[in-house]
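The values are calculated or read from the model by the stated rules, or taken from the named source; none is laboratory data. Please read all numbers here as calculations on a predicted model, not as lab measurements. Cβ: placed from backbone, ideal geometry, glycine included. Neighbour counts: every protein chain shown.
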Amino acid sequence: MTHIQRGVIGMAVWMAVAACALGIPTAQAEQTRFNYRLKWLFNTSVAGDVFAMENGFFADAGLDVQVKEGSPEKDAIKELELGYAHFGVASADQVIRALEKGADVVVLAQVFQVNPMQWIYRYPQVQITHPADLKPYNIGITFGGNDETIMQTLLATIDLTLGDVKVTGVRFDFTPFLKNQVDLWPVYRNSQGVILAERLAKEGETVRFLNPADFGVDFVANSIVTSGSLAADHPDLVARFLSALLAAWEAAMDPANQAPVLAAVKKYDTGTQGQVQAAQLNATRILVKPDPDIPVGRIQTAAWAQTEAIMLDQGLIRTPVHVTSRLRNPASFQ
Amino acid sequence: MLFRRIYQFMIVYGVFVGLLLAVKTGLSLSDYVIPGIPLILDTAGQVAGGFFRDVLDTLSVAILGQGISIFLAFFVGILGRRSSWAGSMIRVTAYNIQAYPIVALAPIIFILLGDGFLSRLLIAAMICYFPLLLSVLGVMAAPVPDIEHFYLATGRMCWHLEVKIRAFENLSKLTTVIAGSATLAMAGTIVAEFIAANAGIGYSIRIALYQSDLAAILTALFMIGIVISVYQGLLESLGEAVKAKWGSENKGALL
């Protein structure tokens, strides 16, 4: 046997081992348990997902779905491609970046109708009624994060850049905001925003939130995604999953179901106090279902197009990906 | 030695990237999961310059942190070499403190010291200090009876002679440990930057991770590997030179 033959055989063996290690059996289509990878840890912002899991929505649809917690290191789109997950939650920028790099991903529903990424500030010390009002303030930014892109876009509406305002890089620690060293701090409105607002309220301080959408910057947040091949090859399966999940979200956002929803969330998020979770659920409700007439999961095509345009404009992607062609209206599966 | 370090790293890096590309090809993965060679090269072309400066920034903090930890390790190691109660106490304390995960303490350090230079330096020093200390303690606490006996018997033994004898007899070990601690100092600095700093290659890696940019991360790993290989190679060469010089100058005097 020559060196080349040995090399080829070695490579083939290695590839087989790698494929097994990655858990990609050829009979994947026959698999009955489906993995649904969230974007973040179990908390109130995923109330609908937890409610679906805990209250038998998936089982009623004849599906065995394992809802898996997310984290900063976990990327649902990569897991879809590697076969670790069948459905997932990803932010719009993740979807657009993935499409640019050839990933086969489609958007099934848009969880948040209003992006929870907003800036908290003390009122009346800070007053923002127009993006130009931002100029004298020290603004917190997570460099490399969504909020950097959103703030850049917001400032661009008044022909400013981040270099024209005072910016402070932020992390997990709220101390600079609590110490009044930073005037506007980026938070997820329905999780950290609630905690910070309560904390400052105890000190007698009032807060408000800067929502970039109020000034025309619609940057889409989390959405439910799957692979294009799964959506094309098994539309019935996708329809059942989506129908069950959106029904659970509708139920979870109904104030009449507050108690069972909080009980379901509490089971997984034991570290947050009940009253904080109740406030977080109220805040989530406004973001997911801002109007009773808006169905949960509605995809805002114009906002997706704007998100892509923003990313293209800021050089976060180099070529258009035509993301709107990858949006699947939830109604089309039902 | 320097060139051997570099080409050994190039081989390891090449094998690593080759395996990634084999997985990509074998499983038909997109560039989003594992970037292809064109994307890696394209990204490297865009970020390599900035990343190189970031790695040098990180290295400068790591070298300073390593210097501080070497000084402290020798200081405490020399104090703790005695089989006295105090020496035993220092050794036990060092062993126990080493068990604490520095990464878990890092957020506290950042809250207290902010996310600037001092936090990075302190974490880098802490991460490479304890392994160094244990090695230095091990060397300094182990007598060299064949040589020390002569000085003890003639009443000429003093503390700095004792330290000198033990250091000289274990010079290879100390050189290896110091060169190895460079990796720890670098890793410590990168971890610190990744967690909360606002500069350095760890900070750039975190941003690339936010943006799911594996090509940028691979470029950063290459830069880190090359720079640390050169630094370690230089340290080893320096160790050899010191050993040769010290040996020729002092061996006669010692013996």
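Note on the range A:134-193: residues that are under 20 Å from the mean Cα position of the chain (by Cα) and polar (S, T, N, Q) total 8.
For the range B:27-50, state whether one or more residues are within 16 Å of B:THR189 (Cβ to Cβ) and within 14 Å of chain A (Cβ to nearest Cβ). For the range B:27-50, residues within 16 Å of B:THR189 (Cβ to Cβ) and within 14 Å of chain A (Cβ to nearest Cβ): absent. A single member of A:ASN222, A:ASN190 is in contact (Cβ under 8 Å) with a residue 40 or more places away in the chain, touching a Leu at 6+ places or on another chain (Cβ under 7 Å) and closer than 24 Å to A:THR284 by Cα, and it is A:ASN190. The criterion of being among the aliphatic types (A, V, I, L, M) and outside any loop (DSSP other than H, G, I, E, B) holds for A:VAL67. Being farther than 24 Å from A:GLY88 by Cβ, surrounded by fewer than 18 Cβ atoms within 10 Å (Cβ to Cβ) and within 14 Å of chain B (Cβ to nearest Cβ) holds for only one residue in A:THR168, A:THR157, and it is A:THR168. Does any residue in the range A:127-145 that is among the β-branched types (Val, Ile, Thr) come within less than 6 Å, Cβ to Cβ, of a residue that is at pLDDT below 90 and assigned to a loop (DSSP other than H, G, I, E, B) six or more places away or on a different chain, and which pairs are these? Listed pairs, sorted by first residue: A:THR142/A:VAL170.
Looking at the structure I just gave you, is B:ARG206 within 14 Å of chain A (Cβ to nearest Cβ), crowded, with 18+ Cβ neighbours inside 10 Å, of a type in the set (D, E, K, R) and in a helix (DSSP H, G or I)? So B:ARG206 passes the test.
Evaluating B:LEU235 against the criteria (1) more than 17 Å from the chain's Cα centre (by Cα); (2) more than 14 Å from chain A (Cβ to nearest Cβ) leaves one unmet condition, (1). The strands (runs of 3 or more DSSP E) found entirely in the range A:114-215 that carry 3 or more residues being closer than 29 Å to A:TRP304 by Cβ are A:117-123, A:138-141, A:184-188, A:206-210.
In the condition set (1) more than 14 Å from chain B (Cβ to nearest Cβ); (2) on the phi > 0 side of the Ramachandran plot, A:GLY102 is compliant with all but (1).
Note on the range A:33-91: residues that are surrounded by fewer than 19 Cβ atoms within 10 Å (Cβ to Cβ), within 14 Å of chain B (Cβ to nearest Cβ) and within 14 Å of A:LEU245 (Cβ to Cβ) total 0. The listed residues are A:VAL95, A:VAL89, and the only one of them that is of a type in the set (Val, Ile, Thr), part of a helix (DSSP H, G or I) and either closer than 11 Å to A:VAL220 by Cα or modelled with pLDDT of 95 or more (or both) turns out to be A:VAL95. Pairing each residue of the range B:143-163 that is closer than 14 Å to B:LEU79 by Cα with any residue that is surrounded by 10 or more Cβ atoms within 10 Å (Cβ to Cβ), provided the two are 6+ apart or on different chains, yields C-beta distances under 6 Å for B:VAL163/B:ILE78. Does the range A:225-243 contain any residue that is of a type in the set (Gly, Ala, Ser), assigned to a strand (DSSP E or B) and surrounded by 15 or more Cβ atoms within 10 Å (Cβ to Cβ)? The answer is yes, given that some residue of the range A:225-243 is of a type in the set (Gly, Ala, Ser), assigned to a strand (DSSP E or B) and surrounded by 15 or more Cβ atoms within 10 Å (Cβ to Cβ).
Look at the range A:41-59: where a residue is aromatic (Phe, Trp, Tyr) and a partner is not in a helix (DSSP H, G or I), sitting 6+ places away or on another chain with Cβ atoms under 6 Å, you get A:PHE42/A:GLU69; A:PHE42/A:ASP269; A:PHE58/A:VAL65.
For the condition within 14 Å of chain A (Cβ to nearest Cβ) and among the acidic types (Asp, Glu), B:GLU162 does not qualify.
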